[in-house]
Amino acid sequence: MSKNDNRPFGISDKVGYMLGDVANDFSFIFASTFVMVFYSKVMGISTGLIGTMFLIARCIDAFTDIGMGRIADRARTGRNGKFRPWILRMCGPVAIASFLMYQSGLQSIPYGAKVAYMFVTYILWGSVFYTSINIPYGSMASVISQNPKDRSSLSVFRSMGGMFAGILISVVAPLVIYYTDAAGNQVVNSTNFTILAGVFSVCAIICYLLCYKMCTERVVLADQKAAEARRGNVLESLKEIAGSRALLGIILSALLMLLASLMSQGLNNYLYADYFKNTTALSLSAMLQLPVMLILAAFSTKLAVKFGKRECGIVGMLASGVLYVLIGILHVTEVWVFIGLVFFAMIGMSFFTMQCFALVTDVIDDKEVTTGKRDDGTIYGIYSFSRKIGQALAGGMSGWALAMIGYDELAVAQTEQVARGIYNISTFFPGIVYLLGAAVLFFIYLLGKKRVESNAAQLEKRHAGKAES
């Protein structure tokens, strides 16, 4: 590898990279949280069918993610870098595709046409255009700097960007898209939904352009053909990775974490609107992510260094699981009591959320120690796809669960039985899944503090020896 040091790595790269994830989430988090609300409450499409579409889209992602990764890897490194140009090329298409998903003016067209439009626009956005910008964006971190500390700081800033975007969207969107009718029911304003989607798309383009402008690619491959030859056969690498217990552990735990958190996030729209009948509280509850983020930013790294990432992750997931099950048993009817309890439940699982990318790095190091080979891209690619599976299952199961309890997409108010069903799913389901996540970290993912430190020491000696020779 060689380095292009036109401008030293610094705060511009960190903020720019953070804004890239903010841009991603203006469409990704908005869709993860609210697109099912639009399809069901505005377009009147069956929640079961929506869930099936989510699952189909993620299956398509298995091919488009890998395909886009190969396209980006094979691209020539030009004056503006290898991955940066994709941000400039695709920021417009992904933002436009996101806006097209939320067209309330089409709610009077035939049902079959609405379903077809939903499938086409959602897959075009998520499986084509979002993939074409997110894969290069994620890969760009490795060429902004070669320094592990710099890469770590980019990961932290990226996580912060995602959290800031999530808070902004979760607070603003319910205030804009819902209104209270004369009977006290929370009703969706379809026109405002479309307008808000357009505003978020414009904001996404601005943040993408700032990311492109502020980030610099410094690391370039000196001999790409030689590097590819050293990687060996792809199937051989996949076979080796498939035997990694640590990788299996991080895949399962991340999948379970996403399944629980994203399903809760999606169902919250129905929980606050149909059970608590208070969508203003939904906006305020989203603001709780900010103090949780600040608490974890201050203490998570120190706790991880002192006790170990795996060890703290087990405790955090276990605490969240127990609290969610307790909330389910209590069957809280006062919205502010519910929000207070959920605040504490969020802290435990959020620790794992902030540390999961660091756990992937530990898996990569462990493979290099045990096999002598380092497959950063392949391992991260498998991990990234596992997260897509978690997203797909969350979207699919949310829709199927609502259909199972008898949710009526066309009704202004749901029956008491349906409302209680929404509460039960929103509490017991994440509780049980977080407990399973803690079990996976304990029994399968065995890279505890001592082993991680041992691996780091061995790799430091190996790399020092290679440098001297």
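Annotations for the structure displayed:
- Yes/no for Thr333 being of a type outside the set (Phe, Trp, Tyr), part of a helix (DSSP H, G or I) and surrounded by fewer than 17 Cβ atoms within 10 Å (Cβ to Cβ): no
- Contact map, the range 386-412: residues that are closer than 15 Å to Gly126 by Cβ and without any contact (Cβ under 8 Å) to a residue 24 or more places away in the chain paired with residues that are among the aromatic types (Phe, Trp, Tyr) and assigned to a helix (DSSP H, G or I), Cβ distance under 9 Å, separation 6+ or inter-chain. No pairs are found.
- Condition check for Gly48: farther than 28 Å from Ser159 by Cβ, open to solvent by less than 20 Å² (accessible area, probe 1.4 Å) and either at pLDDT 85 or above or touching a helix residue (DSSP H, G or I) at 6+ places or on another chain (Cβ under 9 Å) (or both): yes
- Hey, Ile422 modelled with pLDDT under 75 and open to solvent by less than 10 Å² (accessible area, probe 1.4 Å) or not: no
- Only one of Val128, Val156 that is farther than 22 Å from Gly198 by Cβ, among the hydrophobic types (A, V, I, L, M, F, W, C), at pLDDT below 95 and open to solvent by 20 Å² or more (accessible area, probe 1.4 Å): Val156
- Verdict on Tyr178 being under 30 Å from Leu282 (Cα atoms) and in contact with a Cys (Cβ under 7 Å, 6 or more places away or on another chain): no
- In the set Phe385, Phe344, only one residue is at pLDDT below 90 and either open to solvent by 50 Å² or more (accessible area, probe 1.4 Å) or touching a Ser or Thr at 6+ places or on another chain (Cβ under 8 Å) (or both); that residue is Phe385.
- Pair list, Cβ < 9 Å and 6+ apart or interchain, from the range 55-76 residues that are under 25 Å from Met36 (Cβ atoms) to residues that are modelled with pLDDT under 80 and among the charged types (D, E, K, R): Arg58/Lys388; Asp61/Lys388; Ala62/Lys388; Asp65/Lys388
- Any hit, the range 427-438, residues being within 25 Å of Gly138 (Cβ to Cβ), surrounded by fewer than 23 Cβ atoms within 10 Å (Cβ to Cβ), of a type outside the set (A, V, I, L, M, F, W, C) and within 21 Å of the chain's Cα centre (by Cα): no
- Residues located in the range 73-122, provided they are open to solvent by 70 Å² or more (accessible area, probe 1.4 Å), of a type outside the set (A, V, I, L, M, F, W, C) and either within 13 Å of Met140 (Cβ to Cβ) or under 25 Å from the mean Cα position of the chain (by Cα) (or both): Asp73, Arg89
- Test for Ile60: is it surrounded by 23 or more Cβ atoms within 10 Å (Cβ to Cβ), at pLDDT 80 or above and in a helix (DSSP H, G or I): no
- Criterion applied to Ala403, Ala413 was being modelled with pLDDT under 80 and open to solvent by 40 Å² or more (accessible area, probe 1.4 Å), and the one residue passing it is Ala413.
The values are calculated or read from the model by the stated rules, or taken from the named source; none is laboratory data. Treat the numbers as computed from the prediction; the structure is a model and nothing was measured. Note: ideal-geometry Cβ built from the backbone for every residue, glycine included; neighbour counts use all protein chains shown. Calculation scope for accessible area: heavy atoms of the full protein, side chains included, ligands and nucleic acids excluded. Shrake-Rupley method; radii C 1.70, N 1.55, O 1.52, S 1.80 Å.
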